[in-house]
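Please read the structure below before turning to the comments.
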Ligand SMILES: [Zn+2]
């Protein structure tokens, strides 16, 4: 059984950190250190990384491994480089082609890309994936924001899950859970011939 790189394990729990309100900058940790924010100044959970220890919790994404894979365009399953051809980087996305014409153009993706062998393995391991998912080549993508939990000024409690871009001032009120990439130059492709 393959456990994806971005999957959380049962021994990985966020370390306690007291969230406080900063008069100008949104939320902060009471005892904040350098590593608590990303390069865009957004707060992240303090999450130990202990893959392989305990049980995998499928469906729960490890925020810091997701961030690393997304930033560096690593395969979300094996953490090797994602597959790339002249048509772009390979993504496996849940099929929402009905959502808008040209989908997934300009989509805010939270799932990191994949490499060709891992895409093939997941399709073979779970034929249902063929139905619900499509493979897409993405020519260009930019790290554009975060998905996470949003706090409201004045009421120091998380209120909702939200996706915000880095240029939105409200991003300072979000504790990030996943890094977002906006996808451009997308082509839905059939990778079956590449898999051999
Ligand atoms: Zn892979």
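Details
- Of all the options 117, 169, 45, the one that moves most in a Gaussian network model of the chain with Cα springs shorter than 10 angstrom is 169.
- Taking the helices alone, the chain has a mean residue ellipticity at 222 nm of -4000 deg cm²/dmol, built from -39,500 (n - 2.57) per DSSP H run of at least 4 residues and averaged over all its residues.
- Extension gain, residue 58 to residue 21, is 10.0 nm, computed as 0.36 nm per intervening residue step minus the present C-alpha separation.
- Gyration tensor (alpha-carbon) shape descriptor, region 65-181, a/c threshold 1.5: prolate
- 0 to 90° range, to nearest 10: angle between helix 63-72 axis and the chain longest Cα axis: 60 degrees
- Span from the region 12-62 Cα centroid across to the region 123-196 one, whole angstrom: 18 Å
- Stokes-Einstein diffusion of the chain at 4 °C, 1.567 mPa s viscosity, Kirkwood radius from Cα pairs, rounded to a whole number: 73 µm²/s.
No value in this document is a laboratory result; all are computed from the given coordinates. Just so it is clear, the model here is predicted, and its values are computed rather than measured.
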